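Bear in mind that the values in this text are calculations on the coordinates, not laboratory data. Not measured: the values here are computed from a predicted model. Quick reminder, even Gly has a Cβ in these numbers, built from the backbone with ideal geometry, and neighbours come from all protein chains shown.
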Amino acid sequence: MNGVNLGSTIDLPLSSDGTKYTFVPPTGVYTRIGDAGTTSHTLASNNDLFVSGKFECDGVGYCDSTLTVAGVFTAPNIEMIADGTLTAGNANAFAFAWQNPHAYKVLVTEVLVNVTTAGGTALSVLDVGSAANATTTGSDLINDADLNAIALYSNTGMAIVDEKDGTTDYVTGQILTANAASLVGKYYIKYRPV
């Protein structure tokens, strides 16, 4: 098959080698399916494809390079990781507060707190848990992690965190008992949609 003629101005250059059909538009143009728009990126090659409407894939999809998403990315079976820097502070200050950014509930499966510089005061501890806001403490994930020791702490339980702006949509880490003014480190939160 060397091509399909759909009229006086359209000639689809199709070829087949027995295992696949190949469609090769002219050099310097991209292929558009639908007529609701044009590329807002750098599509300019006969290897580029633009779909102006919805696109559905019921099987496995492969992306062998970078994937850029401008809107909301919903993936019900994918684990995501949030991370950030621990903030030093006095007793009762918050070392971090992470708000679920999604419009759906998530299951927090793992929390890691990596203390790389000790807080500087004996008895200073960190509680980590699900919370109603950025200044509410919880301890359902990590309880009494020693902030005056260089160490890596992980959670002992899991927690369901509400959708953004829901009742319990934060995971917080609060410094308790004593100051941790010299604290340096990071936190990592692994979660997935519920």
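Points worth noting:
- Under 14 Å from LYS190, Cα to Cα: aspartates and glutamates that are on another chain or at least 8 residues apart: GLU79, ASP83, GLU110
- Farthest positive-ward along the range 66-177 dipole, Cα basis, beta-carbon charges - from THR156, ASN77, PRO101: PRO101
- The range 13-127 shape via C-alpha gyration tensor axes, a/c threshold 1.5: prolate
- The chain, dipole about Cα centre (Lys/Arg Cβ +1, Asp/Glu Cβ -1), debye to the nearest 20: 200 debye
- The slack in the chain from VAL184 to PHE23, taken as 0.36 nm per residue of separation less the alpha-carbon distance, amounts to 52.4 nm.
- If you take the Cα centroid of the range 12-34 and the Cα centroid of the range 141-194, the two points sit 52 Å apart.
- Gain on full stretching of the segment that runs from SER52 to ALA103 - 0.36 nm per residue minus C-alpha separation: 15.8 nm
- Kirkwood hydrodynamic radius (C-alpha pairs) into Stokes-Einstein, the chain, 37 °C and 0.692 mPa s, D in µm²/s: 159 µm²/s
- For a label point 7 Å along the Cα-to-beta-carbon line of ALA132, residues of the range 166-194 with backbone N under 18 Å: 166-174
- Distance histogram for the range 80-193 (every C-alpha pair counted, 10 angstrom bins, percent rounded to whole numbers): 17, 51, 26, 5, 0
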